[in-house]
Amino acid sequence: MGLGKELPEKIRRIPAYEHVCYDIEFTKYAGHARKLVEEARKSGKYTRIVAVGGDGTVNEVGTALCGSDIAFGVVSLGSGNGFARHLGYSVFMTRALKQVLSDRFIQVDVLEINGKYSLNVSGVGFDAEVAHEFNQLRLRGVFSYIYAAFKLWFRYPEKKYRITSGGKVMTVSCFILSFANSSQYGNNAYIAPLASMQDGLMDICILKRPAFFEILWFLLFFVNSKLYKLSYFKELQCEEAVVEGDIERVHIDGDAYLMPSPIRLKMHKGGLKVISPKKK
């Protein structure tokens with residue numbers, strides 16, 4: 001349950017909730033959040049559902065709400081929180097709990113990957129390998145993710161991929177191949193600086209391995225949303241694509257999957273109704 005156990009008390013301390021009717025459900029196993037959302041949709045009781053947790057919980061709840069009139073909100077408790085950060089949600093629980101009471105709503109896009117759905121950033125390259133390594137670690141959190149990335153950085157090779165989109169074929173050799181709906185993995189690590197969640201386009205991010213002497217420069221651009229300025233980075237925007245190549249390990253919003261080539265990608269424009277947080 002982790003930090004989630006503080007939720008009931010946090011809510012009781014916020015005056016704005018005094019006249020709000022709400023229910024709190026704690027998940028008990030992987031996939032439970034999806035089941036709870038399906039039951040909530042059938043009940044017809046709710047106008048908004050809020051995911052309180054990390055990227056996995058956000059993906060489960062958000063994708064289960066696709067095509068629904070129920071508005072989706074996020075209170076982040078994870079180590080990345082890329083989807084929530086892109087939308088402007090606070091990483092502080094009390095502030096985020098106030099933000100999900102906003103009366104403003106937007107429709108955001110959803111990315112389909114071989115029948116599964118991504119709200120944030122997914123991929124088949126180095127970031128997918130890191131997700132699988134991270135999945136094996138006992139300790140969670142941003143430092144464990146950094147450890148996994150550092151461990152694999154020098155041993156993971158560039159791989160070749162064939163990308164087909166809009167009748168055009170591109171063959172690339174790259175270190176990272178990410179499919180982005182939002183701009184960042186999380187923690188302000190921007191892999192897709194040009195990404196929008198409301199343009200109906202995915203951003204396919206192609207990054208070659210930086211040379212050893214370029215690593216510091218790369219990291220500086222990475223956290224400042226400036227990757228597009230690097231000569232070894234390319235960002236391709238499209239509605240649909242097929243990716244083929246040496247593919248097995250995949251990550252969808254940070255969760256590890258095994259998914260062999262080809263990878264079929266399709267954007268669903270405006271597929272999810274989201275509570276638009278007030279910035280103040």
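What the table shows:
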read-out	value
Subset tally (residues that are surrounded by fewer than 17 Cβ atoms within 10 Å (Cβ to Cβ) and either outside any strand (DSSP E or B) or in the same structural domain as Arg85 (by TED's automatic domain parsing) (or both)) for segment 244-263	5
Output for segment 103-124, where each listed residue is touching a residue at least 40 places away in the same chain (Cβ under 8 Å) and surrounded by fewer than 18 Cβ atoms within 10 Å (Cβ to Cβ)	Arg104, Phe105, Ile106, Gln107, Asn114, Lys116
Listing of strands (runs of 3 or more DSSP E) fully contained in segment 125-205 that carry 1 or more residues being surrounded by 14 or more Cβ atoms within 10 Å (Cβ to Cβ), among the basic types (Lys, Arg) and more than 17 Å from the chain's Cα centre (by Cα)	159-165
Any hit, segment 213-220, residues being in contact with a strand residue (DSSP E or B) (Cβ under 9 Å, 6 or more places away or on another chain) and in contact (Cβ under 8 Å) with a residue 24 or more places away in the chain	no
Among (1) among the aliphatic types (A, V, I, L, M); (2) outside any helix (DSSP H, G or I); (3) surrounded by fewer than 23 Cβ atoms within 10 Å (Cβ to Cβ); (4) in contact (Cβ under 8 Å) with a residue 24 or more places away in the chain - the single one Val75 does not satisfy	(3)
The one condition in (1) in contact with a Ser or Thr (Cβ under 7 Å, 6 or more places away or on another chain); (2) in a loop (DSSP other than H, G, I, E, B); (3) of a type in the set (Gly, Ala, Ser) that Ala241 fails to fulfil	(2)
Residue within segment 231-242 that is in contact (Cβ under 8 Å) with a residue 60 or more places away in the chain, buried (at least 16 other Cβ atoms within 10 Å of the Cβ) and of a type in the set (Val, Ile, Thr) present	no
Hits in segment 178-219 - residues which are in contact with a Ser or Thr (Cβ under 8 Å, 6 or more places away or on another chain) and among the basic types (Lys, Arg)	Lys208
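The values are calculated or read from the model by the stated rules, or taken from the named source; none is laboratory data. These figures come from a predicted structure and were not determined experimentally. As a convention, Cβ positions derive from the backbone with ideal geometry for all residues, glycine included, and neighbour counts pool all protein chains shown.
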